[in-house]
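The values are calculated or read from the model by the stated rules, or taken from the named source; none is laboratory data. Note that this is a predicted model, so its numbers are computed, not measured. In this analysis, Cβ positions are derived from the backbone assuming ideal geometry, glycine residues included, and neighbour counts consider all displayed protein chains.
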Amino acid sequence: MTLQTGRVIAAFSRRFIVETPAGSLPCQVKGRHLQVVCGDRVELRRDGDTGVIEVVLPRASLLYRSDAFKSKAIAANVTQLAVVVAARPSFSMELVQRCVLAAEDQGIASLLILNKADLPETPAARERLNLLTRIGYPLVMLSALSDVTPLRPALHGHTTLLIGQSGMGKSTLINALFPGADVVTAEYSVALDSGRHTTTHTRLHRLDAESAVIDSPGLQEFALQHLDAGALAHAFVEFALFWDSAVSAIASTRPNRAADCRKRSRRAKSIRRDSSCSRACADFSKMRPSAYKASSFARRGEQS
Ligand SMILES: Nc1nc2c(ncn2[C@@H]2O[C@H](COP(=O)(O)OP(=O)(O)OP(=O)(O)O)[C@@H](O)[C@H]2O)c(=O)[nH]1
Ligand SMILES: [Mg+2]
């Protein structure tokens, strides 16, 4: 029996559905050590109406979270992370930011979706997102129950992973984008101000030949233990000009670059006074306190 290639379109713990040129196939994984997630491109051996995944092909990206005890891969070969929030139930801005940092680390583009725009508390929720929109992250506001048209252009050409807390409306968005999908959704609990963890597995839905959208179970936290201090600092786009200014300092030994260096240095200084950068320093120091104390960000902060 020869190996066939396919793409994992649904992941239920250790069981998977793989899309192959001959149709979708329920599959298991060979051995205990092969890690397979939704979005993976795999090689499998077909056995009647089922298959066994034997090889995971190299991944362009792997989005995962990890704490001190375990790591959890969420999806592979994603090109865009769409963090879904809504005014109700309330959402954690720290969780949104952590998702975005994990995506930056993997070179994945991020998009913010403010769903349930029909709710009267939406302007206040929009205000909270300023933290990320002011540093360039795109935002789409919509109501999945009435019209998902504003989202469509942002999905084109991407494999987009919908991520976010339970009850934000990820699966409702899937049902609106894919009318036949019929994904189960559920009212959030007003008493607990939280969703009901309705979706329990990750599933990829094809939008067209170049675009797909993945629904995922709701998150309560997103630990970034796998990012060391350097990787974490790089993931904060607010720090980009600090890297620029370090490069400028090196370039300043070359007088013909002096004007450019002065310009860069001015930009870096203005960014340093900007509140989004001090906020990023505070967030970084909270996530990696020991690295922060030893960092040039901390030394600069002490001087100012
Ligand atoms: N008012 C309003 N309610 C919405 C909207 N979109 C979704 N909802 C409701 O929000 C609730 C939760 O939606 P789900 O789609 O199940 O949320 P989810 O993010 O998939 O939740 P999990 O699967 O638990 O992670 C449901 O009662 C939806 O009807 C919207 O645009 N406006
Ligand atoms: Mg869901």
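Here is a list: Val190, Val184. Which entry is loosely packed, with under 14 Cβ neighbours inside 10 Å, near ligand 2 (Cβ under 10 Å from one of its atoms) and more than 17 Å from the chain's Cα centre (by Cα)? Walk me through how you get there before you give the answer.
Values: Val190 fails: near ligand 2 (Cβ under 10 Å from one of its atoms).
Result: Val184 is the single residue among Val190, Val184 that is loosely packed, with under 14 Cβ neighbours inside 10 Å, near ligand 2 (Cβ under 10 Å from one of its atoms) and more than 17 Å from the chain's Cα centre (by Cα).
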>> I'm checking my understanding of the structure. Among residues of the stretch 117-140 that are touching a Lys or Arg at 6+ places or on another chain (Cβ under 9 Å) and part of a helix (DSSP H, G or I), which one is farthest from Leu95 (Cα to Cα)?
In response: Thr122
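Enumerate the strands (runs of 3 or more DSSP E) found wholly within the stretch 55-108, keeping only those where 1 or more residues are buried (at least 18 other Cβ atoms within 10 Å of the Cβ) and within 9 Å of the chain's Cα centre (by Cα). Give the steps one after another, and end with the answer.
Values: elements: 62-66, 71-76, 80-86.
Per the criteria, 62-66, 80-86.
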> If you check Val183, Val83, which single one turns out to be among the β-branched types (Val, Ile, Thr) and over 20 Å from Phe236 (Cα atoms)?
Replying inline: Val183
> Does the stretch 30-48 contain at least one residue that is in contact with a Pro (Cβ under 9 Å, 6 or more places away or on another chain) and at pLDDT 95 or above?
Replying inline: yes
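Got a sec? Which of Thr133, Thr149, Thr122 is surrounded by fewer than 20 Cβ atoms within 10 Å (Cβ to Cβ), more than 11 Å from ligand 2 (Cβ to nearest atom), hydroxyl-bearing (Ser, Thr, Tyr) and at pLDDT below 95?
On the way: Thr149 fails: at pLDDT below 95; Thr122 fails: at pLDDT below 95.
Selected residue: Thr133, the only one of Thr133, Thr149, Thr122 that is surrounded by fewer than 20 Cβ atoms within 10 Å (Cβ to Cβ), more than 11 Å from ligand 2 (Cβ to nearest atom), hydroxyl-bearing (Ser, Thr, Tyr) and at pLDDT below 95.
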> In the stretch 152-178, which residues are away from ligand 2 (no atom under 16 Å from the Cβ) and among the small types (Gly, Ala, Ser)?
Replying inline: Ala154, Gly157
